[in-house]
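Coordinate-derived values only; no laboratory data. Note that the structure is a prediction, hence the values are computed from the model and not measured. Cβ coordinates were reconstructed from backbone atoms using ideal geometry, including for glycine residues, and neighbour counts include every protein chain displayed.
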Amino acid sequence: MTEYAVRVEGLVKRFGTFTAVDEFALNVSPGSVHGFLGPNGAGKSTTIRVLLGLYRPTAGRVRVLGLDPATHAAAVTKRISYVPGEVTLWPNLTGQEVLDALAGLRGSRNVAAEKRLVDEFALDTRRRVRTYSKGNRQKVALVAAFAAPTDLLVLDEPTSGLDPLMEELFQGCVRDAAAAGRTVLLSSHVLGEVEAVCDAVTIIKDGRLVEAGRLADMRYLAASTITARPLSGEVEAVSERLRGLGVAVETDADTVRLSVPRPLVPAALGVLVEATADDITCTPAKLEDLFLRHYVVGAR
Amino acid sequence: MSFTRLLIRRHRATLSAWLLVLTGLCGGTVSSYQNTYATEQQRRTAVALAQEDRVSTLLYGRLPDPGNAAQMFTWELGAILSILTAVMAVLVTVAVTRAAEDDGTIELVRGCGVAHRRPLHSALALLTGVALVLGVGCGAAVGLGGGHVEGVTWAGAIVFGATTAATFLVVSALTAVLAQVAATAGQARMLGLTAVGASFAVRAFGDAGQLDALSRLSPLGLRAAAEPFSADRWWAVGLAVLAGVALAALAQLLSDRREFGAGLVRRRDSRDSRLRLRTPVGLATRIGRSSLLAWTVAVAAVGALLSSMGAGTVRQSQTGDLGGFLGSQLGTGDPAAAYLAYCNTVVGILVCAYAVLSVLAAQHNERGGLTDLVLAVGVRRWAPLAAQTLVTAAGCAVILVVTGTLSALIAPMVIDGNQVAVRAFSYAVGQWPAAVATAGCATLLTGVSARLAGLAWVPFAASTLFALLGNLLGIPHRIQDLGFLRHVPDVAGPNPRAEALLVLVALGLVLSFLGAVATTRRDIATD
């Protein structure tokens, strides 16, 4: 078995009496792009801070690139690029000076990649940080992260301030990183973005693991939605036959709408074709359907 | 909740601390003026000397006749109080005006249907309220604390309180104007403090040159114009309030003519420069560079000014006894050495304040998320705080060497005595151990908890209190000696002892080390 780039088992993190993360597990395969999802306040950023050694776990076993970040934070973070959710930079420095500072402290740098990324992200690095918008500050952090010669990228909602063009560019950068053998852990609320770039996802809610796995497998297990318009007068008969397959059917005047687990899709479609129904549509499960139900939470 | 109440809620801790310190200073010292001069003869000599002496005049203004205890108090303590009041006014005003604009909170409030002039009006309302509380507090403290002190009357105490309130009001309104002009909150603060420095200089030279009109132009000259416990001139207070109102109106006018988040002065925000650094020390140096420069200029100016004014005092302590605040500072021994020690105690206080502020920047960076960025590129957990402390200690050394060198060049020209240059330099540089110990306290507190870091002002305040007012308040010497200041030996005197300084440096090193270790045992703090 290959060693995981990130391996978290039974992670507990308490702040006083508040349990931010409870018995959480996270496994990120090397070279993969791993989505990290969950509602606001679910414990994503707390977990990420534990991975970086900024927080010390209350309990549990954490390994990042084979090392324990609680005891080897500097050795771990030398090999990590991190983009925080809320990017704060030194207001008096220019964008270029911030890039210089971060690369200088890290002690390793890929100047060519940095130049290319600055151009691609259309970032004016001569300006002082205090004049930057949130999106521009995020671009500085993203350029520094992608340009650094690191093995693991930890990105905490990195695109919340970017425009759609930059969002597309960002996705390209993530794919390039993965193609170059780097591992990416991407915390995000943008489900389209996760769907576009991630191989696997982990969902956290109220500090606990609710679902984890490869996107393809999850999609396979989820139900597709089929709608059709049977010939007039046959709606009831068709519904009966579909129910016979073990499928939940809703009827609405002349339309049937059914939610079908992936293995039953061919059979259900067969029934509808046989009945010569019109306007048959079949939509595979979208990420929204997979995740949104996990997003309903109380305040905490 | 009205915007004014929101401002009060947000700044109540800082405001209460300031108000408590200033009223406490008035109430705690007024009665000691009764005891400072035991006999009538002693007092008369002191008054005559004080009225003649150039340096006392520069520092505190002119002492009115007959120089009773109440007038002495207004003259000496009142001068210190008015400077502190002015500094408070600058810091509080910037905090409630431009700082709130720069950090985005006013933007949020403006987006909630608050009229565009409301934030400035609320800030001015808050400042007026603070001025009233300050005035009532100081007046009551003097009235209550000085019941048996010669010359203290309720009428005078009320004028004293009103003078303090009016000083606060004028400086606040002036700062509010500067806050419209400056490009950022930091620049506004710098301009405001420069204005306070200029007010002090105008007052000092006006008083020294017997130019009453000049000294009354300065907000710090108001005390002398109103003369509480002597003439009780209400019209002077009234004029100051009118000036405050006019300045507030000007601030309003300028506020309407500028862009939100920008001052009337534009700043260049674009430059082609690179940064060559590889360590947290390099980064901390670069980030703290401009503030170090400003502190160096300010402290060197204060140090040189004080040293250059020493001729009169030194001669005076050679001939007669010098009582009151300054007398309690100088004590016995070589007059030149005593005076230079006193001047450099003031320098030491300033440098210790720089040390606290500079170390607290580490805490600020941590809570703001900048430390996250630094740690995430492979910097060790303890390194940012340790680097900040190291840069602070080095910064203190830079300030003191520059101040000492300047004093050593100026002092021998005006002060008669042995080895004045050597003493001027060594007394300045000798403040470094106190600064290191102060920085050590701040480092330890920051290391233990970013939230507690603000307590670093406590040892600073205690040391300052012991050094400036310890004798006046009759604090026992063994307790005064626990303060970090006033431990510098006279290097030109017989057998100078530097044990205390070594203890301070060792204390600073140990506390800093413990602070750095403590950071590795706690989570990073976030706001």
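Couple of notes before you dig in:
- Leading residue at positive end of dipole, chain B (Cβ point charges), from B:A89, B:G263, B:A341: B:G263
- Taking every C-alpha pair closer than 8 Å and separated by at least 6 residues, the mean separation divided by the residue count of chain A gives a relative contact order of 20 percent.
- Average beta-carbon neighbours from other chains, 10 Å sphere, peptide B:273-281: 5
- Considering chain B at the alpha-carbon level, its Rg and Dmax are found to be 23.5, 72 Å.
- DSSP-defined beta bridges in the stretch A:6-215 - what % are antiparallel, rounded to 5: 55
- Look at the stretch B:367-374: the mean tally of other chain Cβ atoms within 10 Å of its residues' Cβ atoms is 5.
- The stretch B:1-265: projected area of the alpha-carbon convex hull, averaged over directions, in nm²: 13.6
- Unit charges at the beta carbon, dipole of the stretch B:277-527: most positive-side option, B:V503, B:V448, B:S307: B:V448
- Cβ neighbours within 10 Å from other chains - mean over A:44-51: 1
- The peptide list B:471-483, B:510-522, put in order of mean Cβ contacts within 10 Å with the highest first, becomes B:510-522, B:471-483.
- For A:V6, nonlocal amide neighbours, meaning residues 5 or more places apart or on other chains whose placed amide H falls under 5 Å from its own, are A:V28, A:L65.
- Expressed as a whole percent, the proportion of Cα-Cα pairs in chain A lying more than 23 Å apart is 62%.
- In the protein assembly as shown, the DSSP beta bridges split such that about 70 percent are antiparallel, to the nearest 5.
- Legend: calculated FRET efficiency, A:N40 to B:H477, from the Cβ-Cβ distance at R0 = 51 Å, rounded to 0.05, equals 0.30.
- Centroid-to-centroid, using Cα positions, the stretch A:257-295 and the stretch B:473-527 are 75 Å apart.
- The length gained by stretching the chain between B:D65 and B:M413 to full extension, at 0.36 nm per residue less their Cα-Cα distance, is 122.0 nm.
- Packing rank of B:336-342, B:418-424, where each peptide gets the mean count of other beta carbons within 10 Å, highest leading: B:336-342, B:418-424
- Value of Rg to Rh for the protein assembly as shown (Rh from inverse mean 1/r over Cα pairs, i.e. Kirkwood): 1.10
- Computed about the Cα centre, the dipole magnitude for chain A is approximately 1660 debye when only Lys and Arg (+1) and Asp and Glu (-1) carry charge, each at its Cβ.
- About its Cα centre, chain B has a charge dipole of approximately 1680 debye under the convention of +1 per Lys or Arg Cβ and -1 per Asp or Glu Cβ, with nothing else charged.
- Stokes-Einstein diffusion for the stretch B:1-126, with the hydrodynamic radius set to the Kirkwood value over Cα pairs and evaluated at 37 °C in a medium of 0.692 mPa s, equals 187 µm²/s.
- Entry note, the stretch B:374-489: relative contact order of 22 percent, from Cα contacts under 8 Å with a spacing of 6+ residues.
- Label-to-label distance, nm, for residues given as B:A13 and B:T526 (7 Å Cα→Cβ offset): 2.0
- log10 of Debye I(q)/I(0), alpha-carbon scatterers only, for the stretch A:223-284 at 0.14, 0.15, 0.24 Å⁻¹: -0.29, -0.34, -0.93
- Cα pair distances exceeding 24 angstrom across the stretch A:193-300, given as percent: 38
- A Förster radius of 35 Å, combined with the Cβ-Cβ distance separating A:E234 from A:R175, puts the computed FRET efficiency at roughly 0.15.
- Peptides B:287-299, A:231-243, B:381-393 ranked from most to least packed give B:381-393, B:287-299, A:231-243, packing being the mean of other C-beta atoms within 10 angstrom over each peptide's residues.
- Which listed pairs, of A:K78/A:K139; A:K44/A:K115; A:K139/A:K205; A:K44/A:K286; A:K78/A:K115, have C-alpha distances above 26 Å, in listed order: A:K44/A:K115; A:K139/A:K205
- Here the stretch B:377-415 is scanned for amide nitrogen atoms under 18 Å from the site 7 Å beyond the Cα of B:R451 along Cα-to-Cβ, giving none.
- On the basis of the beta-carbon distance and an R0 of 22 Å, B:A231 and B:L211 show a calculated FRET efficiency of 0.70.
- Compactness index (Cα Rg / 2.2 N^0.38 Å), the stretch B:427-527: 1.22
- Farthest positive-ward along the protein assembly as shown dipole, Cα basis, beta-carbon charges - from A:S239, B:V488, B:A226: B:V488
- Contact order, relative form, for the stretch A:223-284: 53 percent (alpha carbon pairs under 8 Å, 6 or more residues apart, mean separation divided by residue count).
- Using Cβ point charges alone (K and R +1, D and E -1), the dipole size of the stretch B:184-281 about the Cα centre works out to roughly 800 debye.
- Rounded, prolate or oblate (a/c below 1.5 giving rounded, otherwise prolate when a/b exceeds b/c) for the stretch B:277-527 by Cα gyration tensor: prolate
- Square roots of five times the Cα gyration tensor eigenvalues for the stretch B:226-312, Å: 40, 29, 10
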